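First the structure, in the form of structure tokens, and then the observations on it.
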Amino acid sequence: MSRESNKQFVRESLRRLEAAGLRIRPDLDRELIVTRFMTSFADFYDGDKFANYISGAARDGTNAFDLLMLWSLAGETAAFDGFDDIGEILPRLSSLDDEQLSDLLEAHSFSIFENAMEICIVDEHAPGEYLPQHVGELESLACGDFVIQSVTESHLQDRLIGHVVLADGHSGIIDISDEKRPDLTPFFEAMNALVAHLRKGRFVVALSDNGEALIAVYLRPHEEPAFRDWAERQYCAGGPFPVDWFA
């Protein structure tokens, strides 16, 4: 897994994700991202599986390699837990002290993308916290394109009702079912409607490999065509790669 040719294959996939409009956080170390993915991959697949992807033999009954990259890198990871050989893999980091290394690995343990992240749909939150958390997550993906002034959540029979106000005064209502794993389609539709007047971007949702999560992506207008083209070229073990454009 540590061969240079394997690393190059991962780097090329990263470049395709970037070309598709998935912005990689500029503060992160690209080679450490590669190491993170390959460590995670090795935890679930053997070397033959990776070799099949490189050779192009992996197709039927598999997921596209770019999807494996997205699924792995858009969420949190435990790949660095107990990671004690970083100096052998990336010698230039061997001079870091324990605290510096810990901070670096922690920074690389969340979504590597500015505008995409895995969001857990399960509601096990304290009352009033579920919708505010998710609204805050979407605000972070927009990278300053809009600012939330306030968000409140209330219960009404079997519904969760959210009231969101932007810093510019525009406001909107979110209405979703009050259950453990609610359908978040109305949530994303409401957030897109709320920010539509800004004409800066919108949210889409991509399939996650985690049945209790989804991947939210914020796309600016010039990024939409590239992401759509990339998504249409992807495939899952069960068929085409689904993306909800809420349109």
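The values are calculated or read from the model by the stated rules, or taken from the named source; none is laboratory data. No experiment lies behind these values; they were computed from the predicted model shown. FYI the Cβ positions are ideal-geometry reconstructions off the backbone, even for glycines, and counts take in every protein chain you see. Side chains are part of the model used for accessible areas, which takes the heavy atoms of the whole protein and leaves out ligands, DNA and RNA. Shrake-Rupley method; radii C 1.70, N 1.55, O 1.52, S 1.80 Å.
For the range 2-19, indicate whether the set of residues that are over 28 Å from Pro240 (Cα atoms), hydroxyl-bearing (Ser, Thr, Tyr), at pLDDT below 85 and outside any helix (DSSP H, G or I) is non-empty.
yes
Just a yes or no: is a residue in the range 216-224 part of a loop (DSSP other than H, G, I, E, B), open to solvent by 20 Å² or more (accessible area, probe 1.4 Å), in contact with a Pro (Cβ under 6 Å, 6 or more places away or on another chain) and within 20 Å of Ile112 (Cα to Cα)?
Checking the range 216-224: not a single residue is part of a loop (DSSP other than H, G, I, E, B), open to solvent by 20 Å² or more (accessible area, probe 1.4 Å), in contact with a Pro (Cβ under 6 Å, 6 or more places away or on another chain) and within 20 Å of Ile112 (Cα to Cα).
Taking into account only those residues within the range 234-247 that are touching a residue at least 60 places away in the same chain (Cβ under 8 Å) and not aromatic (Phe, Trp, Tyr), which is surrounded by the most Cβ atoms within 10 Å (Cβ to Cβ)?
Residue satisfying both the conditions and the ranking: Gln234.
Identify, by number, the condition in (1) exposed (fewer than 14 other Cβ atoms within 10 Å of the Cβ); (2) in contact (Cβ under 8 Å) with a residue 40 or more places away in the chain; (3) among the small types (Gly, Ala, Ser) that Ala213 doesn't meet.
Here Ala213 meets the rest and fails (1).
Have a look at Ala57, Ala142, Ala107 and point out the one that is open to solvent by 60 Å² or more (accessible area, probe 1.4 Å), of a type in the set (A, V, I, L, M) and more than 20 Å from Asp183 (Cα to Cα).
Only one candidate qualifies: Ala57.
Please state which one of Ser171, Ser95, Ser154 is loosely packed, with under 14 Cβ neighbours inside 10 Å, within 21 Å of Phe246 (Cα to Cα), out of contact with any Cys (no Cβ under 9 Å at 6 or more places or on another chain) and hydroxyl-bearing (Ser, Thr, Tyr).
None of the others qualify; the one that does is Ser171.
Against the definition (in contact with a Phe, Trp or Tyr (Cβ under 9 Å, 6 or more places away or on another chain), closer than 23 Å to Gly211 by Cα and open to solvent by 50 Å² or more (accessible area, probe 1.4 Å)), how does Glu179 come out, yes or no?
Taking the combined requirement at face value, the residue does not satisfy it.
Out of Arg159, Arg202, report the one residue that is surrounded by fewer than 19 Cβ atoms within 10 Å (Cβ to Cβ) and either free of Cβ contacts under 8 Å to residues at least 12 places away in the same chain or among the charged types (D, E, K, R) (or both).
Arg159
Which of the residues belonging to the range 77-124 are of a type in the set (S, T, N, Q), modelled with pLDDT of 85 or more and part of a loop (DSSP other than H, G, I, E, B)? Walk me through how you get there before you give the answer.
Within the range 77-124, the subset of a type in the set (S, T, N, Q) is 77, 94-95, 100, 102, 109, 111, 115.
Among the residues that remain, those that are also modelled with pLDDT of 85 or more are: 77, 100, 102, 109, 111, 115.
Of everything in the range 77-124, those that are of a type in the set (S, T, N, Q), modelled with pLDDT of 85 or more and part of a loop (DSSP other than H, G, I, E, B) turn out to be Thr77, Ser109, Ser111, Asn115.
How many residues does the range 129-139 contain that are free of Cβ contacts under 8 Å to residues at least 60 places away in the same chain and either surrounded by 14 or more Cβ atoms within 10 Å (Cβ to Cβ) or of a type in the set (Val, Ile, Thr) (or both)?
Residues that pass the stated criteria total 7.
Can you find a residue in the range 28-45 that is open to solvent by 50 Å² or more (accessible area, probe 1.4 Å), assigned to a helix (DSSP H, G or I) and either at positive phi or without any contact (Cβ under 8 Å) to a residue 12 or more places away in the chain (or both)?
Yes, the range 28-45 has at least one match.
Return the total of residues in the range 125-158 being hydroxyl-bearing (Ser, Thr, Tyr) and not in a strand (DSSP E or B). Walk me through it before giving the result.
Within the range 125-158, the subset hydroxyl-bearing (Ser, Thr, Tyr) is 130, 140, 150, 152, 154.
When the remaining residues are screened for being not in a strand (DSSP E or B), the result is 130, 140.
Matching residues across the range 125-158 total 2.
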